[in-house]
Amino acid sequence: MNIKKATKFHISFRTGSIYPIDHKGITAVLGFRGTQGDPDKVKREWRFTVDGIPCAIWDYKGSHKAPYCQYSCYMPAAIGKELFGDKFHSEDEYRLDVRPDV
């Protein structure tokens with residue numbers, strides 16, 4: 001996997017979450033530190049590409065603090081699982097968990 005810090009802004013929305021983890025764990029996986037996001041909502045964010053695919057990770061209104069220790073993310077599930085293993089949780093997986101009829 002070729003991980004590169006994004007050189008331009010790309011739009012993102014939540015497709016999953018990563019937990020439990022802290023900013024040091026994310027930085028260790030990606031190889032670079034996060035930057036300040038929207039100061040009213042996001043303390044730290046990472047915008048990057050994996051093999052050219054745009055991805056992002058961010059905390060949202062304190063979600064990175066205990067007891068949640070959770071970051072939102074925008075990335076395909078295959079990339080999330082490859083980078084973060086069992087700490088990555090896809091929104092699709094969540095929906096399957098809450099809908100036993102699926």
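Bear in mind that the values in this text are calculations on the coordinates, not laboratory data. Nothing here was measured: the structure is a model prediction, and the numbers come from that model. Positions of Cβ are generated from backbone atoms using ideal geometry, with glycine treated the same way; all protein chains shown enter the neighbour counts.
Determine the shape class of the stretch 16-70: with a ≥ b ≥ c the square roots of the Cα gyration tensor eigenvalues, call it rounded for a/c under 1.5, and otherwise prolate if a/b is greater than b/c, oblate otherwise. It comes out prolate by the Cα gyration axes. For the chain, averaging the sequence separation of C-alpha pairs within contact (under 8 Å, six or more residues apart) and dividing by the residue count gives a relative contact order of 34 percent.
Cβ crowding within 10 Å, taken as a proxy for footprinting-reagent exposure, orders Met1, Met75 from fewest neighbours to most as Met1, Met75. Extension gain, Lys24 to Asp86: 0.36 nm times the residue separation minus the Cα-Cα distance gives 20.6 nm. Here Lys61 and Asn2 are evaluated by their C-beta separation; at R0 = 22 Å the FRET efficiency comes out at 0.10. Comparing Ile11, Ile26, Ile57 in a Gaussian network model of the chain, where Cα atoms under 10 Å apart are tied by springs, the biggest mean-square fluctuation is seen for Ile11.
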